[in-house]
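The values are calculated or read from the model by the stated rules, or taken from the named source; none is laboratory data. Here the structure is a predicted model, which is why all the values come from computation and not from measurement. Neighbour counts run over all protein chains shown; Cβ positions are idealised from the backbone, glycine included. What goes into the accessible areas is simple: the full protein's heavy atoms, side chains included, and nothing from ligands, DNA or RNA. Shrake-Rupley method; radii C 1.70, N 1.55, O 1.52, S 1.80 Å.
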Amino acid sequence: QITEALLKERDKQAKWNGIPLLLQKLYEQSHPNSDFSQCQSILKEISPLLSMEAMAYVTEDRKAAQESTFPNTYTFDLFGGVDLLVEILMRPTLITQKKKQKISDDLIKDCLSILYNTCICTEGVTRRLAERNDFVLFLFTLMTNKKTFLQTATLIEDILGVKKEMIQLDDIPNLASLVSSFDQQQLANFCRILAVTISELDTGSDDKHTLLAKNAQQKKNLGPSRAEINQATLLNIPGFIERLCKLATRKVSETTGTSSFLQELEEWYTWLDNALVLDALMRVANEEAEQSSTESSDESGLANTSTRTQLPQSMKIMHEIMYKLEVLYVLCVLLMGRQRNQVHKMIAEFKLIPGLNNLFDKLIWRKHSASALVLHGHNQNCDCSPDITLKIQFLRLLQSFSDHHENKYLLLNSQELNELSAISHKANIPEVDAVVNTDRSLVCDGKRGLLTRLLQVMKKEPAESSFRFWQARAVESFLRGTTSYADQMFLLKRGLLEHILYCIVDSECKSRDVLQSYFDLLGELMKFNIDAFKRFNKYINTDEKFQIFLNQINSSLVDSNMLVRCITLSLDRFENQSDAKVAEVLSECRLLSYMSQMSMRMSFLFRLINIIHVQTLTQENVSCLNTSLVILMLARRKEKLPFYLRTLQQMEYTEKYPGFILNNFHSLLRFWQQHYLNKDKDSTCLENSSCISFTYWKETVSILLSPDRTSPCAIVSYIDEAYMDIDRDFSEE
């Protein structure tokens with residue numbers, strides 16, 4: 001509405017670079033009946049003004065960039081450019097005549113490119129676009145066109161990243177045919193977008209949320225969440241999981257020919273989000289080009305031309321790594337979702353595990369080449385290089401794959417499965433059903449299965465490596481569930497126990513996360529296994545070493561309580577056996593002798609109850625409550641429960657603070673009932689890990705919470721009336 005003369009006059013002073021005038025022209029050329037033929041040339045004038053700014057934004061330090069202003073993109077948005085482009089893009093959807101308007105691919109590309117550059121540089125544009133649901137869903141339909149796919153995908157990814165509520169994949173028109181139209185490269189890029197739609201919004205800090213808050217949240221959300229609905233939608237797309245498994249397991253040599261790849265790189269080059277990756281790729285290309293030209297300097301002319309046409313191998317590898325990352329992430333989320341069993345079945349059938357096993361050395365855990373690809377200003381070991389992210393994603397996948405599921409035996413090869421059977425026969429115990437029932441045509445092939453390969457790299461990992469945590473978690477999830485002697489022996493034979501003790505004691509590991517994962521793994525490895533305790537004693541063979549081990553345990557009971565629980569349970573079982581070998585180990589083993597002292601068990605119990613409170617319980621520390629219960633259940637079996645409670649009371653008096661432990665414990669147990677007696681709660685984990693029936697857990701808690709002050713097993717009998725503080729209700733404050 002502003003006159004052209006006024007715009008021209010203000011243009012120089014305001015440094016608008018003619019953008020408002022160009023927008024006015026664009027507006028006139030894009031009227032409802034226009035054929036858009038002139039629009040392209042106008043956009044060609046606007047585009048470079050914006051892409052220079054976006055380029056500066058991506059290559060400059062982001063922080064500095066945020067402080068500087070980006071006048072061109074700002075002016076473009078101020079004068080309605082963003083809304084105009086959205087309107088131009090969506091025009092064909094509004095017209096109902098027979099003769100559909102066709103916008104050229106190049107025009108679509110330019111519109112998307114300009115929108116993306118504006119989103120990068122100008123606050124709030126991405127959010128505004130995200131609020132327009134019709135536009136977001138419309139963008140998905142543009143993905144069917146190969147030529148505009150990359151631009152569309154990158155813009156969608158940005159928009160979904162800021163969208164307040166998750167989109168529903170069901171709403172995307174013809175989703176199944178859209179996905180089936182993608183080639184494998186496009187499918188991998190599409191996985192980047194899917195990641196946002198299937199992950200719960202706050203999974204990042206799952207362990208940190210208090211259980212009170214989580215339970216309250218669950219009461220509010222009665223139906224499945226949007227992410228869960230989206231996961232189900234994906235699983236219903238025919239052939240979707242099969243294609244993901246193919247993508248995840250294809251070898252680098254199977255990737256498509258060079259030409260389409262080069263063309264895609266050029267597309268990327270104009271596409272900014274991946275500029276960092278591209279820098280890395282280009283650098284490697286140059287290095288390899290230099291190498292090949294120095295090697296054959298006589299025909300250097302020839303060498304250069306061959307490098308031009310042939311893509312360097314490491315570039316292909318990098319590309320493949322980035323694809324696999326996205327795919328493994330999606331598979332991992334689906335494996336942890338509600339349809340877990342269905343996903344498991346499909347993944348086994350499509351041989352994901354043997355496929356990954358074959359890629360292990362060459363791609364997943366490959367040796368870093370001299371020019372290990374590192375993004376801009378990062379060092380090789382920082383957690384954001386794709387190589388590292390791929391390893392972590394792979395370990396997370398293994399963890400969710402083997403956690404409490406009998407398909408975990410697919411991580412072995414046939415000889416290794418036979419070895420498990422042999423261990424069971426030799427020990428005169430029945431074979432585990434899951435081992436017998438494992439379909440041998442779906443297991444790993446080659447000299448080693450995935451689990452053994454993982455053990456090998458785990459032992460070589462440098463002490464301060466961030467992978468140790470994930471490696472230990474993956475191996476531990478293989479052992480979780482009902483304790484299997486054969487599984488434990490399989491790992492003990494491969495020196496796992498000594499490796500863990502070396503890390504805890506000799507290298508005096510300091511990282512809390514790594515220590516916790518090592519203690520948990522050690523607990524699963526040793527539980528009820530007399531041979532493991534014998535090996536432990538052989539390794540920890542001096543008082544000095546044993547003291548370091550105890551210091552590590554005591555330095556944080558939240559991290560080590562699962563191991564304390566394992567030792568307590570094992571000791572209880574060994575004491576009830578009349579076997580000469582067991583008796584010998586019981587008398588010699590430092591660890592078992594230490595735990596058999598009543599004062600030590602009481603000290604652990606006192607501290608376990610003292611470090612948690614109902615208001616601060618999380619998924620991570622609730623195990624302390626269960627460990628304290630295990631100690632008391634074993635006491636109850638031996639009819640020593642009153643003695644333990646009386647001792648706790650005396651310890652309170654010694655601390656000059658009567659009631660503070662027992663009141664707290666009373667509240668914790670009431671919370672335990674609310675939490676675990678919920679119909680959705682899975683109690684089998686508690687049963688499997690302790691070999692104590694859930695009924696016994698429930699009974700013990702009821703007895704402890706009895707209001708009868710004359711009962712010798714009720715907590716209230718040990719709190720003086722004056723110090724009673726147990727009637728408060730929990731609230732979410």
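Points to keep in mind about this one:
- Extreme residue, surrounded by the most Cβ atoms within 10 Å (Cβ to Cβ), among residues of segment 602-615 that are over 32 Å from the mean Cα position of the chain (by Cα) and among the aliphatic types (A, V, I, L, M): Leu605
- Matching residues, segment 583-599, being surrounded by 15 or more Cβ atoms within 10 Å (Cβ to Cβ) and part of a loop (DSSP other than H, G, I, E, B): Cys589, Ser596
Conditions (1) modelled with pLDDT of 70 or more; (2) under 46 Å from the mean Cα position of the chain (by Cα), marked per residue:
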| position | (1), (2) |
| --- | --- |
| Pro32 | no, no |
| Cys39 | yes, yes |
| Leu50 | no, yes |
| Thr59 | no, yes |
| Lys63 | no, yes |
| Gly81 | yes, yes |
| Leu84 | yes, yes |
| Glu87 | yes, yes |
| Leu107 | yes, yes |
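- Filtered residue count, segment 616-642, keeping only those that are within 14 Å of Phe665 (Cα to Cα), in contact with a strand residue (DSSP E or B) (Cβ under 7 Å, 6 or more places away or on another chain) and surrounded by 15 or more Cβ atoms within 10 Å (Cβ to Cβ): 1
- Helices (runs of 4 or more DSSP H) contained entirely in segment 100-160, each with at least 3 residues that are without any contact (Cβ under 8 Å) to a residue 60 or more places away in the chain and open to solvent by 30 Å² or more (accessible area, probe 1.4 Å): 125-131, 133-142
Residue-by-condition table, conditions (1) at pLDDT 85 or above; (2) assigned to a loop (DSSP other than H, G, I, E, B):
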position: Asn189; (1), (2): yes, no
position: Leu194; (1), (2): yes, no
position: Glu200; (1), (2): no, yes
position: Lys214; (1), (2): no, no
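- For first residues located in segment 174-196 and in contact (Cβ under 8 Å) with a residue 24 or more places away in the chain, partners that are of a type in the set (Asp, Glu) and lie 6+ apart or on another chain with Cβ distances below 6 Å form the pairs Ala188/Glu326; Cys191/Glu326; Arg192/Glu157; Arg192/Glu326; Ile193/Glu157.
- Screening the candidates Pro92, Pro71 for the property of being surrounded by fewer than 21 Cβ atoms within 10 Å (Cβ to Cβ) and either over 22 Å from Gln24 (Cβ atoms) or modelled with pLDDT of 85 or more (or both) yields one hit, Pro92.
- Unique match (being modelled with pLDDT of 95 or more, open to solvent by 20 Å² or more (accessible area, probe 1.4 Å) and either in a helix (DSSP H, G or I) or aromatic (Phe, Trp, Tyr) (or both)) among Glu476, Glu498: Glu498
- Residue list for segment 523-564, restricted to those being in contact with a helix residue (DSSP H, G or I) (Cβ under 8 Å, 6 or more places away or on another chain), more than 22 Å from Lys510 (Cα to Cα) and of a type outside the set (A, V, I, L, M): Lys527, Phe528, Asn529, Asp531, Phe533, Lys534, Arg535, Asn537
- Those helices (runs of 4 or more DSSP H) lying entirely in segment 600-711 with at least 2 residues among the polar types (S, T, N, Q) and touching a residue at least 60 places away in the same chain (Cβ under 8 Å): 622-637, 660-676, 684-690
- Against the criterion of being open to solvent by 20 Å² or more (accessible area, probe 1.4 Å) and assigned to a helix (DSSP H, G or I), Glu228 qualifies.
- Residue within segment 408-416 that is exposed (fewer than 14 other Cβ atoms within 10 Å of the Cβ), of a type outside the set (Gly, Ala, Ser) and in contact with a Ser or Thr (Cβ under 7 Å, 6 or more places away or on another chain) present: no
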